[in-house]
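Mind looking over this structure? Questions follow.
The values are calculated or read from the model by the stated rules, or taken from the named source; none is laboratory data. What you are looking at is a predicted structure, and each value in this text was computed from that prediction instead of being measured. Using ideal geometry, Cβ is built from the backbone for each residue, glycine included, and neighbour counts are taken over all protein chains shown.
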Amino acid sequence: MEYNTVRDKLLLPEYGRNVQKMIHHAMKIEDREERNKAAQAIIKVMGQLNPHLRDTDDYRHKLWAHLFIMSDFQLDVDSPYEIPKKESFMSKPELLKYPKSNIKYGHYGKYTEQILKKAKDLDSEEEKVFLTKVMGNFMKKQYLLHNNTAVENKMIAEQLKKMSENVLEMENFDEELQSTNQLLRELGLNKKHNNNNKKKNNRKNGKNKKKHHR
């Protein structure tokens, strides 16, 4: 009995061991014309085994590339496409460079921070007032998305001022900021918020009952 541990390693397991054997057989065919015919037959079998590849671009190109990979680039046949080189598959892809930026308040996002930093470039007082109200409410909404509980308006106003480098100041924050309940309804979080409050109240009532019985 032959175990997989003593068999040759499958370079592309999705095609199975039989295809791998067919390729090894084709490599031993001395007549080039017959070898080309064998390669064409193997490509047809590979296409039947992986019909999902037909939905991809360059479907047949991929099949031929896989054929050469499974032969460890040893199969000498005429390909309708440029024959890939082993080196091109051995080289490691270049690492992507990710932008590095330290965001103090992650729940507000990088762009919020950038917008508020540019507030100092505004000349019009009217624009500053408008931006203060818009960004203040946006920040409160973002805060509730990440912490769907109560939030203090004063805290939002203080963080708005700090992030805008003291340019945008919200003095009447309780009037200018939307109510927490209204924002929770808009975000569809009011039910969860109410359920959490009910659970807290039930726990409190349960504790009070135990104290009363004692």
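From the residues in the stretch 128-175 that are among the charged types (D, E, K, R) and over 22 Å from G106 (Cβ atoms), which one is surrounded by the most Cβ atoms within 10 Å (Cβ to Cβ)?
K133
Can you pull out every residue in the stretch 41-75 that is assigned to a loop (DSSP other than H, G, I, E, B) and either farther than 18 Å from V19 by Cβ or touching a Pro at 6+ places or on another chain (Cβ under 9 Å) (or both)?
Once the filter is applied, which keeps residues that are assigned to a loop (DSSP other than H, G, I, E, B) and either farther than 18 Å from V19 by Cβ or touching a Pro at 6+ places or on another chain (Cβ under 9 Å) (or both), the stretch 41-75 yields T56, D57, D58, F73.
Please work out if A119 is among the aliphatic types (A, V, I, L, M), out of contact with any strand residue (DSSP E or B) (no Cβ under 9 Å at 6 or more places or on another chain) and closer than 22 Å to I156 by Cα.
yes
Yes or no: A119 among the small types (G, A, S), within 25 Å of E175 (Cα to Cα) and buried (at least 18 other Cβ atoms within 10 Å of the Cβ)?
yes
Then there's this: Looking only at the stretch 180-197, count every residue that is within 30 Å of A119 (Cβ to Cβ) and either at pLDDT 90 or above or not in a loop (DSSP other than H, G, I, E, B) (or both) and tell me the total.
Filtering the stretch 180-197 for residues within 30 Å of A119 (Cβ to Cβ) gives 180-187, 189.
Filter once more, so that each one left must be either at pLDDT 90 or above or not in a loop (DSSP other than H, G, I, E, B) (or both): 180-187.
Qualifying residue count for the region: 8.
When the residues of the stretch 76-94 are narrowed to those that are outside any loop (DSSP other than H, G, I, E, B) and not aromatic (F, W, Y), which ends up nearest to K28 (Cα to Cα)?
Among those that are outside any loop (DSSP other than H, G, I, E, B) and not aromatic (F, W, Y), it is K86.
If I go through the stretch 106-153 residue by residue, how many of them are in a loop (DSSP other than H, G, I, E, B) and closer than 17 Å to L187 by Cβ?
8
Among the listed residues K204, K200, identify the single one that is farther than 24 Å from K141 by Cβ, exposed (fewer than 14 other Cβ atoms within 10 Å of the Cβ) and modelled with pLDDT under 55.
Of the residues listed, the single one that is farther than 24 Å from K141 by Cβ, exposed (fewer than 14 other Cβ atoms within 10 Å of the Cβ) and modelled with pLDDT under 55 is K204.
What is the one condition in (1) over 24 Å from Q178 (Cβ atoms); (2) in the same structural domain as L160 (by TED's automatic domain parsing); (3) modelled with pLDDT under 85 that D121 does not satisfy?
The one condition D121 does not meet is (3).
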